[in-house]
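S.K.: One structure, pasted below without further comment.
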2 protein chains.
Amino acid sequence: MTIYKVPKGFRDFPPDIMILRKRVMATIEKVFIKYGFDPFETPAIEYWETLKGKYGDEVESKLVYKFQDPWSETWFALRYDLTVPLARFVASSSVALPFKRYHIGRVWRHESPQKGRYREFWQCDADIIGSPYPEADAEIINLIIDVMSAFNITGYTIRVNDRRLLTGIFEEGLGLGSYGRERMLAIFRAIDKLDKIGVNGVRSELEALKLPQDHIDRIMNTILISGNYNDILSEISSRFPNNEKIKVAVQHLEEMFELIKDHKRVVFDLSMVRGLDYYTGPIFETYVEEPKIGSLTGGGRYDDLIKRYGGPDLPATGTSFGIERIIDAGLELGLFKLDKKTYTSVCVVCLDPGLYKFCWEITNRLRDSGIATQVDLMRRKERKQREYCESKNIPYVIFIGHKEKESNRFTVFDRENQRRYENLTLEEVIQLISSSS
Amino acid sequence: MTIYKVPKGFRDFPPDIMILRKRVMATIEKVFIKYGFDPFETPAIEYWETLKGKYGDEVESKLVYKFQDPWSETWFALRYDLTVPLARFVASSSVALPFKRYHIGRVWRHESPQKGRYREFWQCDADIIGSPYPEADAEIINLIIDVMSAFNITGYTIRVNDRRLLTGIFEEGLGLGSYGRERMLAIFRAIDKLDKIGVNGVRSELEALKLPQDHIDRIMNTILISGNYNDILSEISSRFPNNEKIKVAVQHLEEMFELIKDHKRVVFDLSMVRGLDYYTGPIFETYVEEPKIGSLTGGGRYDDLIKRYGGPDLPATGTSFGIERIIDAGLELGLFKLDKKTYTSVCVVCLDPGLYKFCWEITNRLRDSGIATQVDLMRRKERKQREYCESKNIPYVIFIGHKEKESNRFTVFDRENQRRYENLTLEEVIQLISSSS
């Protein structure tokens, strides 16, 4: 017999995991809304044409789920992120600017499945369309700070860099201007792997791109400049005083920095370049000190993307929060627990099969009062009903026998505090359970 | 230049639509939770093997999005419903019974796009695994009644039928026993179209299946029996007194009916058979009198499905709510409005560019108090800032100029009531706006 399984790299989410995931998503959503973002969603499927040429060759040939519609022979793709579909929408719609939207949804990537890496995962994205100013980037960074704070995550930094600054430095400052856009993006992708493959690994990747040793040296010397945010910007300004791109970027970054609500969270990191092709200005990633996992957020400015869909020349910036990494980090840091198996507050335990209809009446009354209630559906004996309640860790139990039916008074057992309440009217039962949840 | 569009049959959801959709989904979710259902989710993608043979040939050849993974050449499919993946999971997992789960998520069907019919849409499913008893089916029907009531939908009926009853009547009562399972399912699918194609349409479909005229007459005479729930059951019992399947079904349906909280909502309809192959017992669909659209819910008992995945012999029942139809019905009935364009409560209007930082401080304070706040990100003049606020119909505006900065007292304009509040402290502003939302 065939064994039916969930496909490799995909996951089922049992209730305890879903309850935690929903709590994490609701926390992020609440902060998005506070910042004035509104929900906007696009389909899971896009024309392959829409995705093509936006992420870079490596991603597009290896990681995008493409498929041909068997009926029309059209090529479709499952969405790889939530940003490109947003750009496609904005390009052909008229929206009031700034258009601030959030989207919490699944994306699909043909990754090699491994611990913490899946082929289907959730992204929570917030984007601001229409503002070219550092205010918009600062708002995205403040949003990240408030999301981290909503989770009580304290040991983290937001790494900031700027694509214009990098291009300015590389093309003119380091004399690599003749490389052209494609080669420059390949260099960025190599640098992006620094955390994973180290300095020597990046050197090998740059050698594989056939860069001469002295260019590689210049690149490595620059991206490894360290210091605090303002020091690095001053250092760059003084090293490359006459470059227009660098000047514009430095001014943007300084103004952005001034509006960030918690300066000590933000570091400038010339080696953080992000893998995707579409960034054009400031870029940001969030890292926790512990556990050692990849970035919890990634994002940046992408001023050219909407134009590439035939839309108006609309600047844009945003960030994506990775649910899986936030959950992994939160569980390891002890900030989250997988201890809630159900939303149910109370089990109605029926002591006699003849009282079924009365048990249902009580159940209906509890549900009508908004209390999440279970009643036996399996015609089980009392003990089995109680065991079910225990296996789900449902906090309250109400026992219903002939005495309860006659007196219309009830006994409630509070499992958590091992406390028994007797002789309660139904109204008192409802009040007791409602007030505790 | 290529025009990039959303694929045919797929949709983008702008904020006003998303806000309504989220409200509808949250309302349904709340009722699910009250009934003791917990969240459980499966991936968007399944192995094609998992779906194959579960829905019937027509669905599987025309409507399931199948695709071959270009790397492994494995055949995958986008999920067609939320029930089959649930059965696949339960078959290979150990869960406490009854396992009551809900799942609100997208499904994909290769339909011909037309008004109200899409290739990507949302289902809200609640299922009970483990109980063979009418209690479980009754709980599903009561759940439907409470969801309809949560939306204030009043003009609706839940049509009930039973697959065992139909099989009993057709095979033995009408002497069609030699047709076999496949042909019987084809007959069900033809009857399922009664609402769409009428009595003569169904007759033609049955003729196309090469049924003799007298068989067709007997089928049509039976499925058109009408009357109230109990009358129909009595009529069937007396017409076919010695059939075991019919006896079992009638008893199940009578016990189920006793537990339903609002009898007048439920009608028995022998012509309602549901299109999918996997049903084995009671089946239910919900229809509104107005507008004339298809069923708002569909579901039933599927006792064999989990076994077919190599799992234990677990009975199961459930229903699916169609978000799109509920929204279409609610909009037409005037129960829903698309009038909310944003969750944002207040706009901070900056009267002087020099006060930017102060405006951001006030914005941070409002957001920290949980108030959804917008502040200008576009370096716009006052009028443009106000126009943005109006275009989104944001209820409150705070004006910040030098006077406000010096006095730390603020003017708030309540747009909806056209009322101006002056000389408020920030705490008073927060209280005013918080209390209204």
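S.K.: Please go through (1) surrounded by fewer than 21 Cβ atoms within 10 Å (Cβ to Cβ); (2) touching a Lys or Arg at 6+ places or on another chain (Cβ under 9 Å) for residue B:68 and return the number of the only condition it doesn't satisfy.
M.R.: Failing condition for residue B:68: (2).
S.K.: Further, regarding this structure: Would you call residue A:88 under 17 Å from the mean Cα position of the chain (by Cα) and either surrounded by fewer than 17 Cβ atoms within 10 Å (Cβ to Cβ) or facing chain B (nearest Cβ under 10 Å) (or both)?
M.R.: Values: under 17 Å from the mean Cα position of the chain (by Cα): no; either surrounded by fewer than 17 Cβ atoms within 10 Å (Cβ to Cβ) or facing chain B (nearest Cβ under 10 Å) (or both): yes.
For residue A:88, the condition - under 17 Å from the mean Cα position of the chain (by Cα) and either surrounded by fewer than 17 Cβ atoms within 10 Å (Cβ to Cβ) or facing chain B (nearest Cβ under 10 Å) (or both) - is not met.
S.K.: Among (1) in contact (Cβ under 8 Å) with a residue 60 or more places away in the chain; (2) crowded, with 19+ Cβ neighbours inside 10 Å; (3) basic (Lys, Arg); (4) touching a Lys or Arg at 6+ places or on another chain (Cβ under 7 Å), which single condition is residue A:367 missing?
M.R.: (1)
S.K.: Still on this structure: Specify which of the listed residues (A:273, A:250) is buried (at least 21 other Cβ atoms within 10 Å of the Cβ), in contact with a Ser or Thr (Cβ under 6 Å, 6 or more places away or on another chain) and not in a strand (DSSP E or B). Spell out how you get there, then give the answer.
M.R.: Details: A:273 fails: in contact with a Ser or Thr (Cβ under 6 Å, 6 or more places away or on another chain).
Of the residues listed, the single one that is buried (at least 21 other Cβ atoms within 10 Å of the Cβ), in contact with a Ser or Thr (Cβ under 6 Å, 6 or more places away or on another chain) and not in a strand (DSSP E or B) is A:250.
S.K.: Which residue, of A:63, A:82, is more than 8 Å from chain B (Cβ to nearest Cβ) and under 16 Å from the mean Cα position of the chain (by Cα)? Give the steps one after another, and end with the answer.
M.R.: Numbers: A:63 fails: under 16 Å from the mean Cα position of the chain (by Cα).
Sole residue among the options that is more than 8 Å from chain B (Cβ to nearest Cβ) and under 16 Å from the mean Cα position of the chain (by Cα): A:82.
S.K.: Shifting gears a bit: So residue B:5 ticks every box in (1) under 28 Å from residue A:309 (Cβ atoms); (2) in a strand (DSSP E or B); (3) not acidic (Asp, Glu) but one. Which box is left unticked?
M.R.: Of (1) under 28 Å from residue A:309 (Cβ atoms); (2) in a strand (DSSP E or B); (3) not acidic (Asp, Glu), only one is false for residue B:5: (2).
S.K.: Restricting to the stretch B:101-118, and then to whatever is more than 8 Å from chain A (Cβ to nearest Cβ) and among the basic types (Lys, Arg), can you tell me which residue is surrounded by the most Cβ atoms within 10 Å (Cβ to Cβ)?
M.R.: To start, the set of residues in the stretch B:101-118 that are more than 8 Å from chain A (Cβ to nearest Cβ) comprises B:102-105, B:107, B:109, B:111-118.
Narrowing the set further to residues that are among the basic types (Lys, Arg) leaves B:109, B:115, B:117.
On the way: B:109: 19, B:115: 7, B:117: 13.
Only one residue tops the list, namely B:109.
S.K.: In the stretch B:12-49, what residues are within 7 Å of another protein chain (Cβ to nearest Cβ), out of contact with any Leu (no Cβ under 8 Å at 6 or more places or on another chain) and among the hydrophobic types (A, V, I, L, M, F, W, C)?
M.R.: Residues satisfying the conditions are B:13, B:18, B:19, B:33.
S.K.: Being at pLDDT below 95, closer than 30 Å to residue A:4 by Cβ, in contact with a strand residue (DSSP E or B) (Cβ under 7 Å, 6 or more places away or on another chain) and among the aromatic types (Phe, Trp, Tyr), is that true of even one residue in the stretch B:276-283?
M.R.: yes
S.K.: Does any residue of the stretch B:335-357 turn out to be at the interface with another protein chain (Cβ under 9 Å from one of its Cβ atoms), without any contact (Cβ under 8 Å) to a residue 24 or more places away in the chain and not in a loop (DSSP other than H, G, I, E, B)?
M.R.: Yes - at least one qualifying residue is present in the stretch B:335-357.
S.K.: Hey, could you check the stretch B:280-300 for residues that are buried (at least 23 other Cβ atoms within 10 Å of the Cβ) and part of a loop (DSSP other than H, G, I, E, B) and say which is farthest from the chain's Cα centre (by Cα)?
M.R.: B:281
S.K.: Now for a separate question. Would you say residue A:206 is under 33 Å from the mean Cα position of the chain (by Cα) and more than 30 Å from residue A:139 (Cβ to Cβ)?
M.R.: Values: under 33 Å from the mean Cα position of the chain (by Cα): yes; more than 30 Å from residue A:139 (Cβ to Cβ): yes.
Spelling it out, residue A:206 is indeed under 33 Å from the mean Cα position of the chain (by Cα) and more than 30 Å from residue A:139 (Cβ to Cβ).
S.K.: Sticking with this structure for a sec: Taking the options A:393, A:408, A:364, name whichever one is over 20 Å from residue B:130 (Cβ atoms), within 11 Å of chain B (Cβ to nearest Cβ) and modelled with pLDDT of 95 or more.
M.R.: Values: A:393 fails: over 20 Å from residue B:130 (Cβ atoms); A:408 fails: within 11 Å of chain B (Cβ to nearest Cβ).
After ruling out the rest, the residue left standing is A:364.
S.K.: Further question on the same structure: What about residue B:352, is it out of contact with any Ser or Thr (no Cβ under 8 Å at 6 or more places or on another chain) and under 30 Å from residue A:261 (Cβ atoms)? Spell out how you get there, then give the answer.
M.R.: Numbers: out of contact with any Ser or Thr (no Cβ under 8 Å at 6 or more places or on another chain): yes; under 30 Å from residue A:261 (Cβ atoms): yes.
Here the answer is yes, as residue B:352 does meet what is asked.
S.K.: Tell me whether the stretch A:423-435 contains one or more residues that are surrounded by fewer than 16 Cβ atoms within 10 Å (Cβ to Cβ), in contact (Cβ under 8 Å) with a residue 60 or more places away in the chain and in a helix (DSSP H, G or I).
M.R.: yes
S.K.: Another question about this same structure. What number of residues within the stretch B:370-388 are at the interface with chain A (Cβ under 10 Å from one of its Cβ atoms) and either touching a residue at least 40 places away in the same chain (Cβ under 8 Å) or not charged (D, E, K, R) (or both)?
M.R.: 9
Matching residues to (1) polar (S, T, N, Q); (2) touching a Cys at 6+ places or on another chain (Cβ under 6 Å); (3) farther than 20 Å from residue A:100 by Cα:
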site	(1), (2), (3)
B:341	no, no, no
B:346	no, no, no
B:349	no, no, no
B:376	no, yes, no
B:388	no, no, no
B:391	yes, no, no
B:401	no, no, yes
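The values are calculated or read from the model by the stated rules, or taken from the named source; none is laboratory data. The model shown is predicted, which means the values in this text are computed figures rather than measured ones. With ideal geometry, Cβ positions are generated from the backbone for all residues, glycine too; neighbour counts draw on all protein chains shown.
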